Amino acid sequence: MPVFRRLIALAFAAGALAPVGAPPALADTAPRLAESSFALLAQPLPLPYDEKADGAAAIRAATARARAHHTLLLIDLGGNWCLDCRLLAGTIALPDLSPFVRAHYEVVTVDVGRYTKNMGVPGSYGAGVVRGVPMLLIVDPATRRLINAGHTTALADARSLTPQALADWLAQWVDAGK
């Protein structure tokens with residue numbers, strides 16, 4: 001019997017069956033809603049963390065670029081296994097948000113493995129230890145001052161952020177870094 005119930009539920013979800021007494025408009029829109037929700041994902045979420053990269057070298061290179069471009073350094077510590085890390089990277093890459101990020105930040109992603117790699121990075125900026133990911137360090141590249149002290153794990157639940165909320169969060173540190 002449970003298998004039969006699952007098949008009926010799938011048929012309703014696919015729009016093959018309309019609930020008894022349902023208004024025709026509801027039954028007609030169900031397939032379109034399902035199709036449109038799939039259209040939102042043009043590609044899979046990125047895998048932004050290079051698991052073979054030398055984190056310290058990547059940070060040194062990004063620091064040099066940030067100094068040259070007069071931007072802040074954004075060190076994104078995380079892992080490809082972390083959904084919130086991948087969502088954050090995907091949101092930063094959105095066409096509406098990426099121009100702002102590029103104008104104000106030099107972003108470098110640093111893989112922490114399963115909390116086994118690059119664990120000393122936060123400490124070198126006075127941010128303690130990695131307690132969760134994503135962990136973002138916003139640094140003045142000239143002074144190495146951690147601008148978002150006390151807020152490095154504020155985006156650990158990145159899945160709850162809209163692109164606008166992320167833009168607002170990032171914008172507050174641009175002003176604080178001046």
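The values are calculated or read from the model by the stated rules, or taken from the named source; none is laboratory data. Predicted model only: the values in this text are computed from it and were never measured. Counting neighbours? That spans all protein chains shown, and the Cβs are built from the backbone with ideal geometry, glycine included.
Yes/no matrix, rows are residues, columns are (1) at negative phi; (2) in contact with a Lys or Arg (Cβ under 8 Å, 6 or more places away or on another chain):
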{"site": "Leu87", "(1), (2)": "yes, yes"}
{"site": "Val101", "(1), (2)": "yes, no"}
{"site": "Gly113", "(1), (2)": "no, no"}
{"site": "Asn148", "(1), (2)": "yes, no"}
{"site": "Ala156", "(1), (2)": "yes, no"}
{"site": "Thr162", "(1), (2)": "yes, no"}
{"site": "Val174", "(1), (2)": "yes, no"}
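Applying the condition of being assigned to a helix (DSSP H, G or I) and of a type outside the set (S, T, N, Q) to the stretch 107-124 and asking which residue is surrounded by the fewest Cβ atoms within 10 Å (Cβ to Cβ) yields Gly123.
The C-beta contact set for the stretch 56-68 (first residue assigned by TED's automatic domain parsing to the domain that holds Val108 and without any contact (Cβ under 8 Å) to a residue 40 or more places away in the chain, second residue aromatic (Phe, Trp, Tyr) and outside any helix (DSSP H, G or I), distance under 9 angstrom, 6+ apart or interchain) is empty.
Conditions tested, residue by residue: (1) out of contact with any strand residue (DSSP E or B) (no Cβ under 7 Å at 6 or more places or on another chain); (2) at pLDDT 50 or above; (3) not hydroxyl-bearing (Ser, Thr, Tyr).
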| position | (1), (2), (3) |
| --- | --- |
| Ala9 | yes, no, yes |
| Pro46 | yes, yes, yes |
| Asp50 | no, yes, yes |
| Ala56 | yes, yes, yes |
| Ala66 | no, yes, yes |
| Thr91 | yes, yes, no |
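Listed conditions (1) part of a helix (DSSP H, G or I); (2) at pLDDT 50 or above; (3) aliphatic (A, V, I, L, M) are all met by Leu74, apart from (1).
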